[in-house]
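**Student:** Input: one structure, supplied below.
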Amino acid sequence: MQKKIEEAWEHRELLGEPSVREAVLEAIDMLDRGRLRVAEPTEEVATGCEHPMHCGWRVNEWVKKAVLLYFPLCGMQTLEAGPMEYRDKIPLKRHLEEQGIRVVPPAVARYGAYLAPGSVMMPSYVNIGAHVGAGTMVDTWATVGSCAQVGEGVHLSGGVGLGGVLEPVQAAPVIIEDHCFIGSRSIVVEGVHVEHEAVLGAGTVLTASTKIIDVTGPEPVTYTGRVPARSVVIPGSYTKHLAAGDYQVSCALIIGQRKESTDKKTSLNEALRLF
């Protein structure tokens, strides 16, 4: 399957061959069922790394190619969900009860996105190629972009935006590891990697170039593209000297490590799910 997709990526005329079309369709079906992932954890150690591909994660470029090849195979169609009507190429995710997923109207998950059993979608959006782990809450108006990887037991609070990435195929997707808490209206884009159990305060914006400054020690320590595990992060700013004067530039501040008191606050979400 991978070989056929790689060949079709280089020679698009091969999409006319039934065996190649079947390979692409099979790859998307496996994505939808969680048997394939655009990116997946490896055995590598993540100490001090600056890029997800070197932080214990591997990006499967050929799977992203399959997603991109899937679009020309699909024709526009009218989709209906009760009184709601959609017009799109990609069908909606189906058979939610069998998969143990709760989806609250008018939430939308596209076919080719994986939601693990026990995950909850409030009125929100999960795009093709994304992977959402078991017990994760995608809260109201949160968006999980193409190929974003979200772990188990994560809370994406209201209005959170996780950026999607399909091209270039070698670009790493946004990765949110297990048991993170992402505060309301936070934005994580451009392949930023949030390690396990980290907490982002409301309104935190992280891009590939955003300075993430640890201010808990005697001297600041700056990261880009990665939030260390169990870090508690809030929005901040620093003074940048420019030709036209001094200006405040947005950054993120690591102000501490997640503690038991933080865990108790975020465990409320689990109690709400259970009862």
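The values are calculated or read from the model by the stated rules, or taken from the named source; none is laboratory data. Note that this is a predicted model, so its numbers are computed, not measured. All Cβ positions, even for glycine, are placed from backbone atoms using ideal geometry, and neighbour counts span all protein chains on display.
**Student:** Restrict the check to region 114-129 and report whether at least one residue is touching a residue at least 60 places away in the same chain (Cβ under 8 Å), buried (at least 20 other Cβ atoms within 10 Å of the Cβ) and of a type in the set (Ser, Thr, Tyr).
**Tutor:** Yes, because at least one residue in region 114-129 is touching a residue at least 60 places away in the same chain (Cβ under 8 Å), buried (at least 20 other Cβ atoms within 10 Å of the Cβ) and of a type in the set (Ser, Thr, Tyr).
**Student:** Can you tell me which residue is farthest from ARG58 (Cα to Cα) among those in region 144-161 that are in a loop (DSSP other than H, G, I, E, B) and β-branched (Val, Ile, Thr)?
**Tutor:** It comes out as VAL160.
**Student:** Tell me which of these ARG273 doesn't satisfy, since it passes every other one: (1) crowded, with 19+ Cβ neighbours inside 10 Å; (2) over 30 Å from LYS65 (Cβ atoms); (3) at pLDDT below 95.
**Tutor:** (1)
Yes/no matrix, rows are residues, columns are (1) out of contact with any Leu (no Cβ under 8 Å at 6 or more places or on another chain); (2) at pLDDT below 95; (3) not aliphatic (A, V, I, L, M):
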{"site": "ASP29", "(1), (2), (3)": "yes, no, yes"}
{"site": "GLU50", "(1), (2), (3)": "yes, yes, yes"}
{"site": "MET53", "(1), (2), (3)": "yes, yes, no"}
{"site": "GLY56", "(1), (2), (3)": "yes, yes, yes"}
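**Student:** Just give me the residues in region 22-40 being closer than 14 Å to CYS147 by Cα and buried (at least 16 other Cβ atoms within 10 Å of the Cβ), in sequence order.
**Tutor:** ALA27, ILE28, MET30, LEU31, ASP32, GLY34, LEU36, ARG37, VAL38, ALA39 - these are the residues of region 22-40 that are closer than 14 Å to CYS147 by Cα and buried (at least 16 other Cβ atoms within 10 Å of the Cβ).
**Student:** Residue under question is TRP57, and the condition is that it be closer than 18 Å to ALA172 by Cβ, of a type outside the set (Gly, Ala, Ser) and touching a His at 6+ places or on another chain (Cβ under 8 Å); does it hold?
**Tutor:** It is true that TRP57 is closer than 18 Å to ALA172 by Cβ, of a type outside the set (Gly, Ala, Ser) and touching a His at 6+ places or on another chain (Cβ under 8 Å).
**Student:** OK, next. Can you name every residue in region 9-21 that is in a helix (DSSP H, G or I), surrounded by fewer than 16 Cβ atoms within 10 Å (Cβ to Cβ) and of a type in the set (D, E, K, R)?
**Tutor:** Across region 9-21, the qualifying residues are GLU10, ARG12, GLU13.
**Student:** Right, next: Of all residues in region 196-220, count the ones that are touching a residue at least 24 places away in the same chain (Cβ under 8 Å) and more than 22 Å from LEU166 (Cα to Cα).
**Tutor:** Residues meeting the conditions: 15.
**Student:** Still on this structure, I have one more. When only residues in region 88-113 that are touching a residue at least 40 places away in the same chain (Cβ under 8 Å) and out of contact with any Asp or Glu (no Cβ under 6 Å at 6 or more places or on another chain) count, which is surrounded by the most Cβ atoms within 10 Å (Cβ to Cβ)?
**Tutor:** So the residue we want is ALA113.
**Student:** Under 13 Å from LEU162 (Cα atoms), over 14 Å from the mean Cα position of the chain (by Cα) and either in contact (Cβ under 8 Å) with a residue 24 or more places away in the chain or exposed (fewer than 13 other Cβ atoms within 10 Å of the Cβ) (or both): does that describe SER261?
**Tutor:** When the stated conditions are applied, SER261 does not pass them.
**Student:** Hey, among the residues in region 131-154 that are in contact (Cβ under 8 Å) with a residue 60 or more places away in the chain and within 12 Å of the chain's Cα centre (by Cα), which one's farthest from ASP88 (Cα to Cα)?
**Tutor:** Checking each candidate, the answer is GLN149.
**Student:** Please find, within region 77-100, the residue that is farthest from LEU25 (Cα to Cα) out of those that are part of a strand (DSSP E or B) and of a type outside the set (A, V, I, L, M, F, W, C).
**Tutor:** Applying the filter and picking the extreme gives GLU85.
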